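The values are calculated or read from the model by the stated rules, or taken from the named source; none is laboratory data. Small disclaimer: the values here were computed from a predicted structure and weren't measured. We place every Cβ from the backbone using ideal geometry, glycine too, and count neighbours over all the protein chains shown.
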Amino acid sequence: MPDFRDWEKRAPRPLFEDDEVDDLYDEDEDDDDGDKAPLVLRIVAWISVLVLLFAGGYWGTSLTLKYLDKKQIIGQHNVVSDPDEARRVAEDTSDPTGLAVRRSGFEVFVPRGDVLEGETVSLVPGILEDDVKTVISGLLETMRAENTISEQVRVLHVFRNGDLLYLDLNDPFVRAVQNLPGEKGALIMTSLVRTIVQNFSPVTRVRILINGKDPELKTPVDLTMPWQLKTS
């Protein structure tokens, strides 16, 4: 009768013991971990890929839009493409291109004789300070053209602090009001203040500066203090 011990001797033995197999798997995992790039480098790589995709999409879209615009497929004829065209449209009151330019009417008060006469000027509105400079510059030019003042008065700067607006003028303004009677000088100041206050809210007071400095003139009109309209 065959001996079972002989069968055990003849049976094939495994190449590795259990402990040796576990050690092999551990070594494989260690090798895999060592082959991976650091986390920071992987993040940088993904960000670089996203940036390249975004740049490619932006560049491709830009070329496509330029091509379509060149072929006049998506061109809009009522949109200006440069500052010169915008300026031309703003100055053209006939509006032949169909562009809707919103203009505002500003009421200026021109001293004539002993009274103020109101006139409306049309202007494309923008920043308050810039609009004040444009409107007051036009008013001063009208005064000079009508010989109300004899000097070439220019608006240098305009800035605002709450309801107080600072109107910075050049030296000729002082000489202009010095050569006028007190009533005429006060009428000119009222013309400036009323034009500003009634068109540019929330301004209620106007302070005159000369070349950026506080003037010392007190007669025939006091320029050392803010001016405001009388309230009834």
_Which of the numbered conditions does Val80 fail, given that it passes all the others? Conditions: (1) part of a loop (DSSP other than H, G, I, E, B); (2) at pLDDT 80 or above; (3) of a type in the set (Val, Ile, Thr)._
(2)
*Of Arg194, Arg207, which residue is part of a helix (DSSP H, G or I) and surrounded by 15 or more Cβ atoms within 10 Å (Cβ to Cβ)?*
Arg194
*Residue in region 156-177 that is assigned to a loop (DSSP other than H, G, I, E, B), within 19 Å of Val110 (Cα to Cα), in the same structural domain as Leu139 (by TED's automatic domain parsing) and touching a helix residue (DSSP H, G or I) at 6+ places or on another chain (Cβ under 9 Å) present*: no
*Mind checking whether some residue in region 151-160 is over 18 Å from Trp227 (Cα atoms), touching a residue at least 24 places away in the same chain (Cβ under 8 Å) and out of contact with any Leu (no Cβ under 7 Å at 6 or more places or on another chain)?*
yes
